[in-house]
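Let me begin by presenting the structure, written as structure tokens, before commenting on it.
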Amino acid sequence: MKQDNYRESHIKKLLHPASVAVIGASGKRGRVGHIIFKRLLGFNGGLYPVNPKEPEVLGVTTFPSVSDIPFDVDTAIITVSAEKSVDIAEECTRKGIGSIIIVASGFGETGAEGKRLEERLKSIAARYDCRILGPNSLGIFIPETAFDTIFVEHGDKSLAGGGGIAFVTQSGSVGVESLGLAGNTGFGMRAFVGLGNKIDLSELDFLRYFGTDSATDCLAFYIESMASGRVFLEEAKEVSRNKPVIVLKAGRTPAGAHAAASHTGRLAGSDRVVSGAFRQYGLQRAYDDEELCDAARTLSNLPPARGNRVAVLTGAGGFGVMCTDYIESRNPRARLEMAELSGDTVGRIRSMAPPFASCTNPVDLTAGMDNKMFTRTLEALMDDPGADIIICIALFAPPMITDDLVDDIARTVQGSEKPVLVFTEYGPFTEKYLKSFYDKGVIGFSSLHRTVRAARFLVERGNILTFFGGDV
């Protein structure tokens, strides 16, 4: 990584500040400055509200200006209008604040006047060598430390457990909506970063930071325009030798590229070139927010696949047939095929299965199965040298299946070098079961399509490591 130590230190303070000033903090409900300051009341560090018109905010005495704060400040969050933000950013730099988050929109995405404001911000960042996130940024959320500057609902409680995924997004709304949904079934987030208009800090800076961060094991990006594209790709290639890098590049069509330009004031590049470059440099591409979250949670938690042969275990034959169709269907992602089970494996399964069960792949134990039969069969499939990935269709409707199946599967797959994926459906309780699986280290999905797609992500990752000459 080529990031200089000075720049990296500012980013570290941006993500893990010891003290924060909220400029525009307000006691008036509904104001952005009110929401952000209220979220930060539990912040374990210095917290300084700045508002010349309100003497106190939520019981905390305010300062008329950032210059009046008699303490050092690591990070400033500017919640006022675009026009005022520029002058306040300059005041922050004179105060010695090296990291600034600007929330306001109304910059390059709005036209010539907004672009002029952006140019002023750029000159401030260059002149004072401070780092600016945004403008038009939704901010930062670090679950581990509860440092949260996001002013819209974003599933913070469901994501509070933390994890290893760094989620960096140019669109704040795409990030918070998709993560809020993903958190319902389990998503281990290290950090959320809303890039906004990227007048200074960009995806390249956070690629460098999280690429060397020991607590990050997977990087997920939503990008509409790419800053320093060639450099990003070259450095992402180095990161991807050790950590998966997944990118959702929006603006794939001419109309989508035009929409991206109107959203952030930046132009999107040729989609055909983007796809080819991602493959060449070892990045995995997502095409929508669901794919991005699914790929991240899968690759963050499971080992890469050493091959593309899939064994399927089910208690419902129809699901086994549909899963087989998904596996064998042509797909632009990594190719999958049904594993051919060895005679020993088939014999082991037959010795414990009902006489009317199908003991070849897909293995259908029928509704006559119980927890022990299911997990012993799973063990047999995991032991088969001809199977690289296992998909468990774990249904809770059969009369002899109990809720203990979640714990039983988790114990069986713990520490497995082969990835095991779960598909489950149980009406209104589906999300509850998937979250229980996730909390015990098992990755599951509520549709066969997503489960099989997750298997393709794992094969892609294995292929990337093989291409780079690494261990799978």
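Each reported figure results from applying straightforward, stated rules to the coordinates on display, with no laboratory input. Since we're looking at a predicted model, the values are computed, not measured. FYI the Cβ positions are ideal-geometry reconstructions off the backbone, even for glycines, and counts take in every protein chain you see.
A straight Cα-to-Cα reach below 19 Å connects Lys435 with the lysines Lys157, residues fewer than 8 places away in its own chain not being considered. Summing charges over all other residues whose Cβ lies under 15 Å from the Cβ of Arg241, with Lys and Arg as +1 and Asp and Glu as -1, gives -2. Each Lys and Arg Cβ is given +1 and each Asp and Glu Cβ -1; about its Cα centre, segment 303-467 then shows a dipole of about 440 debye.
Farthest toward the positive end of the dipole of the chain, out of Ser137, Ala160, Ala311, is the Cα of Ser137, where the dipole comes from beta carbon charges about the Cα centre.
For the set Lys95/Lys249; Lys38/Lys198; Lys198/Lys237, the pairs lying more than 31 angstrom apart at their alpha carbons are Lys95/Lys249. Compute the Cα gyration tensor for segment 1-136, then decide on rounded, prolate or oblate, letting a ≥ b ≥ c be the square roots of its eigenvalues: rounded whenever a/c is under 1.5, prolate when a/b is larger than b/c in the other cases, and oblate in all that remain. Here segment 1-136 falls in the oblate category. Basic side chains Lys and Arg get +1 at the Cβ, acidic Asp and Glu get -1 at the Cβ, and with that the dipole of the chain about its Cα centre reaches some 740 debye. Charge tally for Met400 (other residues, Cβ to Cβ under 13 Å; Lys, Arg +1; Asp, Glu -1): -3. By the rule of a C-alpha distance below 13 Å, with chain neighbours fewer than 8 residues away ignored, the aspartates and glutamates paired with Lys28 are Glu54, Glu56. For the pair segment 67-86 and segment 195-245, the centres of their Cα atoms are 27 angstrom apart. Taking 0.36 nm per residue of separation and subtracting the Cα-Cα distance, full extension of the segment from Glu8 to Gln414 would add 142.5 nm. Each 10 Å bin from zero up to the one holding the largest Cα-Cα distance in the chain carries the following percent of pairs: 4, 20, 27, 22, 14, 9, 4, 1, 0. Dividing the convex hull volume of the alpha carbon atoms of segment 137-301 by its residue count gives 101 Å³ per residue. Please report how far the C-alpha centroid of segment 304-322 lies from that of segment 422-444, rounded to the nearest whole angstrom. When both Cα centres are located, 17 Å separates them. Angle of helix 172-183 to the longest C-alpha principal axis of the chain, folded into 0 to 90 degrees and rounded to 10: 40°. The aspartates and glutamates whose alpha-carbon is closer than 15 Å to the alpha-carbon of Lys440, local same-chain residues fewer than 8 away aside, are Asp403, Asp404, Asp407, Asp408, Glu431. Between the residues Leu181, Ala380, His16, the greatest Cα displacement towards the positive end of the dipole of the chain, with unit charges on the Cβ of Lys, Arg, Asp and Glu, is found for His16.
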